[in-house]
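Throughout, read-outs are computed from the coordinates displayed, never taken from laboratory work. Everything numeric in this text was worked out from a predicted model, so none of it was measured. With ideal geometry, Cβ positions are generated from the backbone for all residues, glycine too; neighbour counts draw on all protein chains shown.
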Amino acid sequence: MIDQAKQLREKVLQKKSKKERRQTRIIAVTSGKGGVGKSNFALNFALTLVQQNRKVLIFDVDLGFANVDVLLGRAPKESIATMIEKDLSIWDVIEEGPNGLLFISGGSGFNDLFQLDESKMKKFFSELSTIQGYVDYIILDTGAGLSYENLRFILAADDVILVTTPEPTSITDAYSVVKMVHTKNQNVHMKLIINQCTSEKEGKQTADNFNKVTEQFLNKQIGTLGYIPIDINVSNAVKKQIPFLLAFPNSHASQAMQNLTSEFLQLPVPYKLGIKGFLLKMLFK
Ligand SMILES: Nc1ncnc2c1ncn2[C@@H]1O[C@H](COP(=O)(O)OP(=O)(O)OP(=O)(O)O)[C@@H](O)[C@H]1O
Ligand SMILES: [Mg+2]
């Protein structure tokens, strides 16, 4: 186990000198309503970033219903919860997925961490700190809604991607997330993804209306990262347990992922707090 951890760490670092190390940016993917496509978005976004030569770790922090591993057709034995339980290194529990994508799951019992067990918390923080500089992005796939844990992840991340569909129920719940986050901190960088659109026009209209409402009631424009069409290939890929970007690279959904990822990479990068900042915010929020 220890050797395997060492090998993975060395492979990821690729013998870069300290100076060349990566600046890690933490992105939380969240939604108001459940089942809108967060996990599929998070996983395929991570894979598109990997295709663009970025090093990415996807961290499944959906404490109730972790499913990135299911979407990948993998059944890892270890998780953050077992890392703490068995006193392992984080490099023992990180798995390598397709194209060198790294992934890790919180695991059941992970939420005990938030019950303020100081020694567990310390272990989690010191292990997570060792990833700093090894990856460009950590993508957190959070659960839906405004649980205490979700809110902590959202407020601690460098960027938040809020996924909604054009359905009013999903939009109303997404708005509640923006409102709650805004009350806690007005400087959170949030961007919208409209998933399962029947047309680009519908996506654009949904995003415009959403932004009008946030502008009017919260004086906040959250901006749009992109639109993903409703595409049967997404559901077919889920059934195959292969990410749609790899199973159906030419599908409309995959093309939309490529486009929005290129746009994402061109956005100006706000200051990044990285892992240390993330951990500090998790502690003190
Ligand atoms: N663009 C899309 N086109 C067609 N179907 C989609 C699309 N995005 C998601 N789906 C369908 O929605 C289902 C749920 O997606 P996913 O598991 O990613 O949602 P989620 O928001 O992570 O759910 P949860 O809140 O339970 O974590 C998928 O299994 C797929 O069938
Ligand atoms: Mg999910």
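Taking the Cα centre of the range 73-137 as origin and charging only Cβ (+1 Lys, Arg; -1 Asp, Glu), how large is the dipole, in debye to the nearest 20?
Details: 6 positive and 11 negative charges, 12 e Å.
Approximately 60 debye in magnitude.
Connecting C-alpha atoms closer than 10 Å in a GNM of the chain, tell me which of Ser176, Ser199, Ser108 has the biggest fluctuation.
Top of the fluctuation ranking is Ser199.
Ignoring everything except DSSP H segments at least 4 long, calculate the 222 nm mean residue ellipticity for the chain; use -39,500 (n - 2.57) per segment, divide by total residues, nearest 500. Intermediate results must be reported in sequence, preceding the final value.
Working: 13 runs with 137 residues, N = 285.
Mean residue ellipticity, 222 nm, calculated: -14500 deg cm²/dmol.
Which of Val234, Ile26, Phe103 sits closest to the plus end of the dipole of the range 22-284, meaning its Cα is farthest towards the positive end, when Lys and Arg get +1 and Asp and Glu get -1 on the C-beta?
Final value for the positive-end residue is Ile26.
Please find, in a Gaussian network model of the chain (springs between Cα atoms separated by less than 10 Å), the residue of Leu162, Leu71, Leu218 whose mean-square fluctuation is greatest.
In the Gaussian network model the winner is Leu218.
Using a 7 Å offset from Cα along Cα-Cβ at Gln186, what residues in the range 147-165 end up with backbone N under 16 Å from the label point?
none
Give a residue-ordered list of calculated ³J(HN,Hα) values for the range 240-256 (Karplus: 6.51 cos²θ - 1.76 cosθ + 1.60, θ = phi - 60°; whole Hz; x for Gly, Pro).
Going residue by residue, I get 7, 6, 10, x, 4, 4, 8, 6, 9, x, 9, 5, 4, 5, 5, 4, 4 Hz, with x marking Gly and Pro.
Assign unit charges at the C-beta atoms only (+1 for Lys and Arg, -1 for Asp and Glu), then state the dipole size of the range 22-284 relative to its Cα centre in Debye, rounded to the nearest 20.
Roughly 460 debye, rounded to the nearest 20.
How many Å³ per residue does the convex hull of the Cα positions in the chain occupy? Working shown, then result.
Numbers: hull volume 34.5 nm³, N = 285.
Cα convex hull per residue, to the nearest whole number: 121 Å³.
Summing +1 for each Lys or Arg and -1 for each Asp or Glu, what net charge is found among the other residues whose Cβ lies under 9 Å from the Cβ of Asp136? Walk me through the numbers before you get to the answer.
Numbers: positive: Arg22, Arg25, Arg54, Lys55; negative: none.
Here the charged neighbours net out to +4.
Does the range 133-187 come out rounded, prolate or oblate, given a ≥ b ≥ c as the square roots of the eigenvalues of its C-alpha gyration tensor, rounded meaning a/c under 1.5 and, failing that, prolate meaning a/b above b/c?
prolate
Cut-off 10 angstrom, C-alpha nodes, Gaussian network model of the chain. Which of Ala174, Ala256, Ala144 fluctuates the most?
Ala256
Report the calculated FRET efficiency for Thr130 and Gln241 (r = Cβ-Cβ distance, R0 = 30 Å), to the nearest 0.05.
Details: r = 30 Å, r/R0 = 1.00.
According to the calculation, E is roughly 0.50.
Could you point to the residue in Leu265, Leu246, Leu151 farthest towards the positive end of the chain's charge dipole, with +1 and -1 charges on the Cβ of Lys/Arg and Asp/Glu respectively?
About the Cα centre, the residue reaching furthest to the positive side is Leu265.
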